[in-house]
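Remarks on the structure that follows.
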Number of protein chains: 2
Amino acid sequence: MRYNSSMAIPNTRRFFVPPTSLAGDQVLLQDTELAHQLGKVLRLRPGDQVLLLDGQGTACTVTLTDLGKNHVAGRVEARTAAGGEPTTHITLYMALLRAERFEWVLQKATELGVSAIVPVHFSRSLPGDKAEARKLERWRRIVREAAEQSCRGRLPTVAEPLPFAAACAQASESALHLMLWEGDAQALKTVLHSWQKQTTTGAQCSMLNAQCSMLSGPEGGIAPEELTTAAAHGIIPVSLGPRILRAETAPIAALAALLYELE
Amino acid sequence: MRYNSSMAIPNTRRFFVPPTSLAGDQVLLQDTELAHQLGKVLRLRPGDQVLLLDGQGTACTVTLTDLGKNHVAGRVEARTAAGGEPTTHITLYMALLRAERFEWVLQKATELGVSAIVPVHFSRSLPGDKAEARKLERWRRIVREAAEQSCRGRLPTVAEPLPFAAACAQASESALHLMLWEGDAQALKTVLHSWQKQTTTGAQCSMLNAQCSMLSGPEGGIAPEELTTAAAHGIIPVSLGPRILRAETAPIAALAALLYELE
């Protein structure tokens, strides 16, 4: 068990809650799942403390005052900056994969520090189905749990799935927009270094709050017409090297490298 | 389906075989599994070509001459360097995790380009059991399949599990030896940059054939006495940033970053 550096609250007691619930000094959450987690799983009692995060960068140390079957009440003792966030905001435009693999990408990308995930229908993605609304709810729960466990300060968003062209249009609005490509393409490192040079004035490299978008394709690969569409939006294809990575491995390796380089 | 750049053989037709079987121009493999894969799954016939790799850096283009239930025969048409290998050789000393997670690390580490994996008993690892010999066989098959699919030129080795102190002693023999640590430690990037400066003579950074070892701990974390043991062996603790990564995520993120930096 690891303790949060600034407060003696274990990281198993970190929870993202709706920001409005933390507006005042008294907190009242009608949340059966959270009430169960605090009362039954962690066996907390009035007087115990938890860390409630608004998902937007604020952490509140809260002393529990009442724990029911369906509600949690508490008192805010302190508000601090939540920490745990990279300075570069990365949006991952992720092809829909087989459920297990896609959910795995959601979890790992959240741990690594992604800011937003946009599921994308590539032409070779698995077709969408009717249960998409319920899936979205499930995806967001996976991300929330991973964010809590990995001590993220902000809660990554999971958007509704977009068609490929719309994803390209949206991605192209960020400062740097990349697409992972296993064919002939510049190395990710080359592209990042030249981008850092371009955006740096003076000796110190400041990537603070830089926005980066990254598209990652499906199991069946990216179709030639999708490469053309991406190029028309100015999206830069980048290579992760000579080895062929699985559809779920590539985005994770790329995120790890991006956050290693830019953090 | 992606074709190998130098030869028109799809990457579903790459197989690692014992190096001795590729010594001469005629190949004869008594291998029921491979015979089944070629004859039944891929439906290949005499005259079709496959790429057989010796796992040590050589790839042979082989024309099949005979396909039985239990054997495969062929003729070597060409020998080439296999490619697909990073210049830095990384050995991952990986804590034994729950089976599914550990096997997942084996697969992903192989895709990313690890050279060797040594399973390690940390004090907080799951205890070893009697089935270790069968497990080792299974682990090596997972690594071989991942190496074939990801177009590796060499086959990463999987060693027999080591106790922690023996792993530290072995790791300390490589040029750079690191241990992932989520407490206060220098950033991986800082350590790599200062190591690159030390080892570079002249302007160009040559990491060719550098040997790097990395220890990665179990779900329950690294025990204080293990930190002490590692320090006594000169192993450098490194941090991957403020977020807490799961035991299976940390080694993969670190490998991605190491190979991004050093390749």
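Any read-out appearing in this document is the output of simple, stated calculations on the displayed coordinates, not a laboratory observation. These numbers come from a predicted model, not from an experiment. Using ideal geometry, Cβ is built from the backbone for each residue, glycine included, and neighbour counts are taken over all protein chains shown.
Around A:Ser125, under 11 Å between beta carbons, what's the net of Lys plus Arg minus Asp minus Glu among the other residues?
Net charge in that neighbourhood comes out at 0.
With 47 Å as the cut-off, how large is the P(r) tail for the protein assembly as shown, expressed as percent of Cα-Cα pairs?
14
Any idea how far the Cα center of the range B:168-192 sits from the one of the range A:226-263, in Å?
Spelled out, the Cα-based centre of one part sits 27 Å from the other.
Which lysines does A:Lys40 reach when only Cα atoms under 23 Å apart count, and residues fewer than 8 places away in its own chain are ignored?
Here the lysines satisfying the reach criterion relative to A:Lys40 are A:Lys69.
Express the relative contact order of the range A:11-81 as a whole percentage, based on alpha carbon pairs under 8 Å and six or more residues apart in sequence.
Value for the range A:11-81: 37 percent.
Computed FRET efficiency, Cβ-Cβ of B:Ala169 and A:Thr12, R0 35 Å: what is it to the nearest 0.05?
The value I calculate is 0.50.
Once amide H atoms are built 1.01 Å from N in the peptide plane, which residues 5 or more positions from B:Phe16, or in another chain, come under 5 Å H to H?
Here B:Leu53 satisfy the definition.
Pick from B:Trp139, B:Trp195, B:Trp181 the residue whose mean-square fluctuation is largest in a GNM of chain B, springs joining Cα atoms under 10 Å.
B:Trp195
Please turn the phi angles of the range B:13-26 into ³J(HN,Hα) values with the Karplus equation 6.51 cos²θ - 1.76 cosθ + 1.60 (θ = phi - 60°), one per residue in order, whole Hz, x for glycine and proline.
10, 9, 9, 7, 10, x, x, 4, 5, 9, 5, x, 8, 9
Quick check: the angle from helix A:99-112's long axis to the longest principal axis of chain A, C-alpha only, nearest 10 degrees?
70
Using the Karplus curve 6.51 cos²θ - 1.76 cosθ + 1.60 with θ = phi - 60°, work out ³J(HN,Hα) for each residue of the range A:224-239 in order, rounded to whole Hz, and write x for Gly and Pro.
For the range A:224-239, the Karplus curve yields x, 5, 6, 4, 5, 4, 4, 4, 4, 8, x, 7, 8, x, 10, 9 Hz.
Which ³J(HN,Hα) values in Hz, rounded to whole numbers, follow from the phi angles of the range B:36-45 under the Karplus curve 6.51 cos²θ - 1.76 cosθ + 1.60, where θ = phi - 60° and Gly and Pro get x?
Once rounded to whole Hz, the list reads 5, 4, 6, x, 9, 6, 8, 6, 7, 10.
Helix A:249-261 versus the longest principal axis of chain A: what is the Cα-based angle in degrees, 0 to 90, to the nearest 10?
Long axis of A:249-261 versus the principal axis of chain A: about 80 degrees.
For B:Lys189, which lysines qualify as cross-link partners when the Cα separation must be under 24 Å and same-chain residues fewer than eight apart are set aside?
Within reach: A:Lys108, A:Lys189, A:Lys197, B:Lys108, B:Lys197.
Remind me, what semi-axes does the range B:74-157 give for its equivalent ellipsoid, largest first in whole Å, using sqrt of 5 times each Cα gyration tensor eigenvalue?
Working through the eigenvalues yields semi-axes of 28, 15, 10 Å.
Check B:Ala223: other-chain or 5+ apart residues with amide H under 5 Å from its amide H, H built from backbone geometry?
Those qualifying (amide H under 5 Å, at least 5 residues apart or on another chain) are B:Ser123, B:Arg124.
In the Gaussian network model of chain A, springs joining C-alpha atoms below 10 Å, which of A:Ser125, A:Ser194, A:Ser115 carries the largest mean-square fluctuation?
Among A:Ser125, A:Ser194, A:Ser115, the largest mean-square fluctuation in the Gaussian network model of chain A belongs to A:Ser194.
Below 8 Å between Cα atoms, with a sequence gap of 6+, how large is the relative contact order for chain A in percent?
Once normalised by length, the contact order is 20 percent.
Mean-square fluctuation check for chain B, GNM, Cα pairs under 10 Å: which of B:Val238, B:Val27, B:Val41 is largest?
Taking springs between Cα atoms under 10 Å, the residue moving most is B:Val41.
Answer rounded, prolate or oblate for the range A:137-198, using the Cα gyration tensor with square roots of eigenvalues a ≥ b ≥ c: rounded when a/c is under 1.5, else prolate when a/b is larger than b/c, else oblate.
prolate
How many nm separate the modelled label positions at A:Ser194 and A:Thr58, each set 7 Å beyond the Cα in the direction of the Cβ?
Going from the A:Ser194 label point to the A:Thr58 one covers 4.4 nm.
Using only the Cα atoms of the range B:11-81, each taken as one equal point scatterer with no solvent, compute I(q) by the Debye sum, divide by I(0), and report log10 of the ratio at q = 0.19, 0.25, 0.28 Å⁻¹.
Those come out to -0.65, -1.17, -1.47, one per q.
Quick one: grab the alpha carbon gyration tensor of the range A:89-261, order the square roots of its eigenvalues as a ≥ b ≥ c, and give me rounded if a/c is under 1.5, else prolate or oblate depending on whether a/b is larger than b/c. Walk me through the numbers on the way to the answer.
Values: a/c = 1.71, a/b = 1.20, b/c = 1.42.
The shape class here is oblate.
Do the sum for chain A: with -39,500 (n - 2.57) for every DSSP H run of n ≥ 4, divided by all residues, what is the mean residue ellipticity at 222 nm, to the nearest 500 deg cm²/dmol?
Estimated from H runs of four or more residues: -9000 deg cm²/dmol.
Using a cut-off of 12 Å between beta-carbons, work out the net charge of the residues near A:Arg98 (Lys and Arg +1, Asp and Glu -1, A:Arg98 not included).
The answer is -2.
Measuring from a point 7 Å out along Cα→Cβ, what nm distances, shortest first, does B:Lys69 have to its partners in the other copies?
Spelled out, the distances from B:Lys69's label point are 6.4 nm.
Let me know the mean shielding of A:248-257 by other chains, meaning the per-residue number of their Cβ atoms within 10 Å of its Cβ.
Across A:248-257, the average partner-chain Cβ count within 10 Å equals 5.
Assume the label is 7 Å from Cα along Cα to beta carbon: what separations in nm does A:Glu33 have to the matching positions in the other copies?
4.1
Give the average, rounded to an integer, of partner chain Cβ atoms located within 10 angstrom of each Cβ in B:233-245.
Numbers: counts 0, 0, 0, 0, 0, 0, 0, 5, 7, 11, 16, 9, 8.
Taking the mean over all residues of the peptide, I get 4.
With the crude spin-label approximation of a point 7 Å out along Cα→Cβ, what separation in nm comes out for A:Ala23 versus B:Glu132?
6.0
Across peptide A:144-151, what mean number of C-beta atoms from other chains lies inside 10 Å of a residue's C-beta?
2
When 1/r is averaged over all different Cα pairs and the result inverted, which Kirkwood radius in Å belongs to the range A:3-145?
The answer is 16.9 Å.
Calculate how steeply helix B:132-149 sits against the longest principal axis of the alpha-carbon atoms of chain B, using the helix alpha-carbon long axis, and give the answer as 0 to 90 degrees to the nearest 10.
70
Quickly work out the A:Thr80-to-B:Ala78 label distance, labels modelled 7 Å from Cα along the C-beta direction, and quote it in nm with one decimal.
My value for the distance between the label points is 6.2 nm.
Once amide H atoms are built 1.01 Å from N in the peptide plane, which residues 5 or more positions from A:Ser213, or in another chain, come under 5 Å H to H?
A:Thr91, A:Leu176, A:His177, A:Leu178
How far apart are the B:Ala159 label points across copies, placing each 7 Å from Cα toward Cβ, in nm, shortest first?
Ordered by increasing distance: 4.7 nm.
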